[in-house]
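Here, each number is a calculation from the coordinates, and none is a lab measurement. No experiment lies behind these values; they were computed from the predicted model shown. Every residue, glycine among them, receives a Cβ derived from its backbone with ideal geometry; neighbour counts consider all protein chains shown.
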Amino acid sequence: MQIYELKINKNTCTGCNACVVSCPINFNELRKQSFLNDSNAVILVKNGIAIPIYDDKREVNCDGCGVCVKFCPQVAIRIINVEKE
Amino acid sequence: MSFPKISRDITKEIEKIKVQFLIENLELILNREKCVGCGTCARVCPKDAISRGPVGMSRRFPATEDIIPELYDPKLCVFCGTCVVCCPFGALTMKKDGEIINLADIPLVAQKVMPKLEFETKKLLNDRIAKQWAKATVKVIDEECAKGCGSCAEVCPSGSIEIAKRPEHGWEMSKNVEIVDEDACVACGACDNACPTGALILEITEVHTSGEFEERYWPPLLERLKTLRWSKKEEAAE
């Protein structure tokens with residue numbers, strides 16, 4: 001499975017939650033399980049800063065759709081294409 | 001120093017991968033302006049050398065340099081040229097020793113392992129030209145749709161998908177994704193490839209071909225083209 005790295009600029013991120021709400025994979029998980037935490041979210045706001053969550057054993061992962069990048073008001077997110085080995 | 005030597009150049013217009021063997025060098029060049037991220041090359045590749053990249057991101061922000069809709073692995077590639085023949089937008093070219101190989105000169109086509117693709121050319125938005133060699137319908141599973149991410153509409157080269165606006169009244173129901181123009185669809189499968197949750201499914205009904213083909217090569221490839229979908233592949237892997 002592919003994992004795309006989300007890079008977040010900690011200086012400009014305000015923790016507004018726009019990325020968490022806009023992420024389509026987060027939305028689908030939220031509808032299935034009605035909560036978001038470390039086990040089923042792709043990106044979450046913790047301590048006022050958005051944090052991407054990666055884990056190899058996770059069922060869902062970032063798909064690289066770029067919706068969060070579009071919705072971020074501070075332009076603080078980048079997605080990086082990681083080559084698999 | 002060991003062969004093959006692999007080098008990779010990325011600019012805003014092209015992605016060029018050069019594989020240098022002892023006797024010859026081969027290049028595969030992706031024109032990033034023509035590519036829509038439909039994933040036909042990935043579905044068709046008999047060696048699994050191409051896989052799906054971050055499609056939606058690469059179409060939304062085409063200027064970002066390191067983001068490309070296809071992930072290409074030059075170590076697995078055998079330079080058969082199937083992807084070059086099948087690409088509906090003509091985005092891929094292959095070079096041998098610095099000279100472009102014509103479509104008719106690719107060994108698979110010249111030796112009649114692959115049948116000839118019967119295509120009709122269509123003009124699309126943004127001065128794109130596509131060759132359509134298949135017919136397909138796009139099935140929308142409304143429950144899976146994440147409502148309003150808009151990847152499919154963003155990616156579609158013919159503009160035949162629209163995201164419906166929210167209704168004025170709360171009690172009105174509306175579909176999340178609407179396929180406006182079925183005739184304009186080029187059956188490329190970009191919407192299927194870009195959807196992050198697997199809500200759109202491309203079902204290929206007809207493939208227009210003519211001429212002889214090799215029994216061991218083409219039917220399995222067609223089967224792969226029709227059935228391989230990334231959302232399903234991940235489920236199968238689990």
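Just how far, in whole angstrom, is segment B:136-182 from segment A:1-80 if you go by their alpha carbon centroids?
Taking the Cα centre of each part, segment A:1-80 and segment B:136-182 sit 23 Å apart.
Most exposed first by the Cβ proxy, i.e. fewest other Cβ within 10 Å, how do B:M173, B:M114, B:M57 rank? Provide the component values of the computation, followed by the final result.
Values: B:M173 5, B:M114 24, B:M57 30.
Listed from fewest to most nearby Cβ atoms, that is B:M173, B:M114, B:M57.
Among A:N26, A:N61, A:N11, whose mean-square fluctuation peaks in a Gaussian network model of chain A (Cα, cutoff 10 Å)?
The residue that fluctuates most here is A:N11.
How large is ³J(HN,Hα) for each residue in segment B:81-92, as worked out from phi by the Karplus curve 6.51 cos²θ - 1.76 cosθ + 1.60 (θ = phi - 60°), to whole Hz, x for Gly and Pro?
Values per residue, Gly and Pro as x: x, 4, 5, 5, 6, 7, 4, x, 10, x, 8, 9 Hz.
Structure shown: which of B:K122/B:K165; A:K7/B:K5; B:K139/B:K226; A:K46/B:K147 lie over 21 Å apart, alpha-carbon to alpha-carbon? It would help to have the intermediate numbers written out before the result.
Details: B:K122/B:K165 29 Å; A:K7/B:K5 31 Å; B:K139/B:K226 14 Å; A:K46/B:K147 25 Å.
The answer is B:K122/B:K165; A:K7/B:K5; A:K46/B:K147.
For segment A:5-80, just list the percent of Cα-Cα distances falling in each 5 Å bin from zero outward, please.
3, 18, 30, 27, 17, 5, 0
With a 10 Å Cβ neighbour count serving as the proxy for reagent exposure, in which order, fewest first, do B:R43, B:R166 appear?
Working: B:R43 24, B:R166 11.
The order, fewest Cβ neighbours first, is B:R166, B:R43.
Let me confirm one metric for peptide A:66-79, namely the mean number of other chain beta-carbon atoms within 10 Å of its residues' beta-carbons.
On the way: counts 15, 10, 2, 5, 7, 1, 0, 0, 0, 0, 0, 0, 5, 9.
Mean inter-chain Cβ contacts per residue within 10 Å come to 4.
Just from its helices, what would the mean residue ellipticity at 222 nm be for chain B, if runs of 4 or more DSSP H residues each count -39500 (n - 2.57) and the sum is divided by every residue, rounded to the nearest 500 deg cm²/dmol?
Values: 8 runs with 48 residues, N = 238.
Dividing the helical sum by the residues of chain B leaves -4500 deg cm²/dmol.
Go through the cysteines of chain A and tell me which have no other cysteine Cβ under 4.7 Å away.
A:C13, A:C16, A:C23, A:C62, A:C65, A:C72
At a 10 angstrom cut-off on C-beta neighbours, averaged per residue, how do the peptides A:30-40, B:200-210, B:80-90 rank from highest to lowest? Please list the in-between numbers first.
Working: A:30-40: 12.5, B:200-210: 15.7, B:80-90: 20.9.
So the peptides A:30-40, B:200-210, B:80-90, ranked by packing, come out B:80-90, B:200-210, A:30-40.
Would you work out the relative contact order for chain B, in percent, from Cα pairs under 8 angstrom that are 6 or more residues apart? Before the final figure, lay out the partial values.
On the way: 438 pairs, mean separation 48.2, N = 238.
Computed value for chain B: 20 percent relative contact order.
Among rounded, prolate and oblate, which fits segment B:1-53 when a ≥ b ≥ c are the square roots of the eigenvalues of its C-alpha gyration tensor, a/c under 1.5 means rounded, and a/b larger than b/c means prolate? Can you show the working numbers first?
Values: a/c = 2.72, a/b = 1.48, b/c = 1.84.
Verdict is oblate for segment B:1-53.
What net charge is computed for the residues neighbouring B:E206, neighbours being all others with C-beta under 12 Å from the C-beta of B:E206, Lys and Arg scored +1, Asp and Glu -1?
0
Sort by residue number and name the cysteines in chain B that have no neighbouring cysteine Cβ under 4.7 Å.
Among the cysteines of chain B, those whose Cβ sits 4.7 Å or more from every other are B:C35, B:C45, B:C77, B:C80, B:C86, B:C87, B:C145, B:C149, B:C156, B:C185, B:C195.
Note down the magnitude of the dipole of chain B about its Cα centre, charges +1 on Lys and Arg C-beta and -1 on Asp and Glu C-beta and zero elsewhere, to the nearest 20 debye. Intermediate values should be presented prior to the final figure.
Working: 33 positive and 38 negative charges, 97 e Å.
In debye, rounded to 20, chain B gives about 460.
Got a sec? How would B:L28, B:L71 order by Cβ neighbour count within 10 Å, fewest to most?
Values: B:L28 23, B:L71 17.
Listed from fewest to most nearby Cβ atoms, that is B:L71, B:L28.
What aspartates and glutamates could a cross-link reach from B:K123, if we take a straight Cα to Cα line under 16 Å and drop same-chain neighbours fewer than 8 places away?
Filter leaves B:E33, B:D181, B:E182, B:D183.
Please report the net charge: other residues with Cβ closer than 13 Å to the Cβ of A:V69, K and R +1, D and E -1. Provide the component values of the computation, followed by the final result.
Working: positive: A:K7, A:K70, A:R78, B:R59, B:R60; negative: A:E5, A:D63, B:E154.
Charge balance near A:V69 sits at +2.
As I understand it, the value is the acute angle between the Cα axis of helix B:218-227 and the longest principal axis of the Cα atoms of chain B; what does it come to in degrees, rounded to 10?
Approximately 30 degrees, to the nearest ten.
Given an 8 Å cut-off on Cα distances and at least 6 residues of separation, report the relative contact order of chain A as a percent. If you can, show how the numbers build up before the last one.
Values: 125 pairs, mean separation 37.6, N = 85.
Relative contact order, chain A: 44 percent.
Kindly rank A:70-77, A:17-24, B:125-132 from highest to lowest mean number of other beta carbons found within 10 Å of each residue. Working shown, then result.
On the way: A:70-77: 16.4, A:17-24: 20.2, B:125-132: 14.1.
Per-residue mean Cβ counts within 10 Å order the peptides as A:17-24, A:70-77, B:125-132.
Among the aspartates and glutamates, select those whose C-alpha is under 16 Å from the C-alpha of B:K95, and discard any that sit fewer than 8 residues away in the same chain.
Excluding near neighbours in sequence, the set is B:D9, B:E15, B:E24, B:E27, B:D105.
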